Amino acid sequence: MFLVQRDGWIAATAQAWKMYVFDIVMLGGLVCSVGVTYSFGYRNPVPWKALAWVCGLLVTSIGGLIWLSTSLRCGACKRAVGWHVVSTASANAWVRTLETMMKCPCCGDRPGEITRN
Ligand SMILES: [Zn+2]
């Protein structure tokens, strides 16, 4: 779950709603993972139900990552900031990096501030 920092770059660029969409998709993934667990937990599992939950889990997790990687963009350099952070930060740090970054990690831009190159 993302907690968008009020003074962070994501809030400053009015892209917090993209993180909330990602949160909702990940909640769907959580529901699907519970569905997978329960559908395989029955004595006589129904194969198509279990397969449907697995497909739902794959679609939500991969789709959420694609959404985050492509939708979060910098208005100044036009680069995909989400993909930049996901692909460069460590696996256990990219969420925190996105939550707390104060400026674009690609160009250093922050709306409302004059940047010098
Ligand atoms: Zn930028």
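Readers should treat all values here as calculations from the given coordinates under stated rules, not as data from a laboratory. Owing to the predicted nature of the structure, the values given are computational and were not obtained by experimental measurement. Counting neighbours? That spans all protein chains shown, and the Cβs are built from the backbone with ideal geometry, glycine included.
Defining a contact as two alpha carbons under 8 Å apart and six or more residues distant in sequence, what relative contact order in percent does the range 39-117 show?
It comes to 18 percent, rounded to a whole number.
Compute the whole-percent fraction of alpha carbon pairs in the chain spaced more than 26 Å apart.
32
Between Ile24 and Tyr42, what is 0.36 nm times their sequence separation minus the Cα-Cα distance? Round to one decimal in nm.
3.7 nm
I'd like the FRET efficiency for Asn92 and Trp17, computed as 1/(1 + (r/R0)^6) with the beta carbon distance as r and R0 of 30 Å, rounded to 0.05.
That pair, Asn92 with Trp17, gives E of 0.75.
Just want the answer: with Cβ charges of +1 for Lys and Arg and -1 for Asp and Glu, which residue in Trp9, Val25, Ser69 is farthest toward the dipole's positive end in the range 9-100?
Highest projection toward the positive end goes to Ser69.
What's the extension gain from Leu65 to Leu3 if we count 0.36 nm per residue and subtract their Cα-Cα distance?
Taking 0.36 nm per residue and subtracting the Cα distance, the gain is 20.7 nm.
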